Every structure is written in structure tokens, then in C-alpha cells.
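Working notes, structure below.
Values in this text are rule-based calculations from the coordinates and carry no lab data. It should be emphasised that the depicted structure is a prediction, and the values quoted were computed from it without experimental measurement. Ideal geometry is used to build each Cβ from the backbone, glycine not excepted, and the neighbour counts take in all protein chains shown.
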Amino acid sequence: MRKSGLLALLALALLQAQNAHADDKAMWALLKTPGHVVLLRHSNAPGATPEPYGIDLKNCAIERSLDDDRRAQGRRVGDAFRKHGITRVRLVSSQFCRALETARLTKLGPVAGLPALNQVFLADLRRMRETADKTAKYMKSIPAKQLTVLVSHVTNILAIAGVNLSSSEMAVVHIDAAGAVAVDGRIMIA
């Protein structure tokens, strides 16, 4: 590759990184304004076998769980909130152990479980619609001044807001005038 081509690619990469940082700043600022909710995908839980519907959610030994690296990832989520001046939020989580643990590791407040946030399968269209409807209904009941973080699973967040998040990535959303969930942006926690 020519030197000028390499420099152009480098400049483009730097510009994209600056834009991503600017977008992050805008999203953190938006979280301090009333009416926004955070959808947080739980930290990565190694393993490829999804748990079937109806398992004992209190038995963490039969679920995929966070390893030490992913626990650190959950703590970094809380650190990022504190770094941006947000020290306490309302935490509501899927009842799966990995989601509850991610929420607790943020140390941003007590954690409540919400069945509507429990894992659904992408191929189960009926349950995907149900989780989207139940979660949107729940979000409408949240007081506008109460910043709430909903910790869930990739498929649920896809159903709720139409975004495919990475582990520990967040979508900043609000309920629009038509009563639908609208995505304002995303925040990635490394």
C-alpha cells in the first residue's frame, strides 16, 4: 500500500475513534436528562449452550456464568457510570444469574429481578414480542427522573429496541411520543 493510502486509512480510523468518543460523551450527558433508560447486555458468559425455558433460575450451577475477566467487565460498567458523575441508578435485571451478577458488580444500587427481561430465544417470535411489549410497558411506568438500567440478554434487547449489543454494551433509549422504544445511541464498555 502506498504511503498516502496508509495515511488516509490512519486518518479515517482516528476520525472514527474521535466520533465514537464524542458519541459516548453525548450519550453519558443524555443519561443525566429525565426520561432515558439504559438497556445493558450482561457481561460475557462463556459457553455456547443456551439454557432451556423453565430451568431453576436460583441454581446458578446449571447456568452459564461469568468468569473472572467478565466480572471485571461488570465492575468497569459501574466505574464508567461513576466516572461520568452517576453514582446511583435503579437496577432491574433478568433473573438469570449472569445478568443479576453483572448488575450487582456495577455497585450502583440494589438489584431487582424482572421476569420480562429473562432470556428468550430468537426463533421464538411469540416470546420475543411478549418480552418487547412487557418491557416497554414496564419502561412506561418508570418515573422520568429515575435513571434505570435494565440488564438483559442480546435477544431480549434486540426484541425491545432492535439493537444487537455486545457483552456489557449499553443502548440509551426512551419512550417516544407514540409510545414506542426509541434508541438514542450506544455506549461500549471495554
For segment 137-190, which trypsin sites (Lys or Arg not before Pro) are both in a DSSP coil and crowded by at most 10 other Cβ atoms within 10 Å? K145
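Suppose we keep just the DSSP beta bridges with both residues in segment 34-181; what percent of those would be antiparallel, to 5?
Expressed as a percentage, antiparallel bridges in segment 34-181 total about 30.
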So which of K32/K107; K58/K83; K58/K134; K107/K145 end up more than 26 Å apart, counting from Cα to Cα? K58/K83
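Would you mind calculating the relative contact order of segment 31-187 from Cα pairs under 8 angstrom and at least 6 residues apart, reporting the percent as a whole number?
32 percent
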Counting other beta carbons within 10 Å of each residue's own, what order do I55, I160, I142 fall into, fewest first? I55, I142, I160
Positive end of the charge dipole of segment 31-187 (Lys, Arg +1 and Asp, Glu -1 on Cβ, about the Cα centre): tell me which of A144, A171, L122 has its Cα farthest that way. A144
Unit charges on C-beta of K, R, D, E only; dipole of segment 31-187, Debye: 560 debye
Take the alpha carbon atoms of segment 133-190, find their center, do the same for segment 71-89, and report the distance between the two centers in whole angstrom. 18 Å
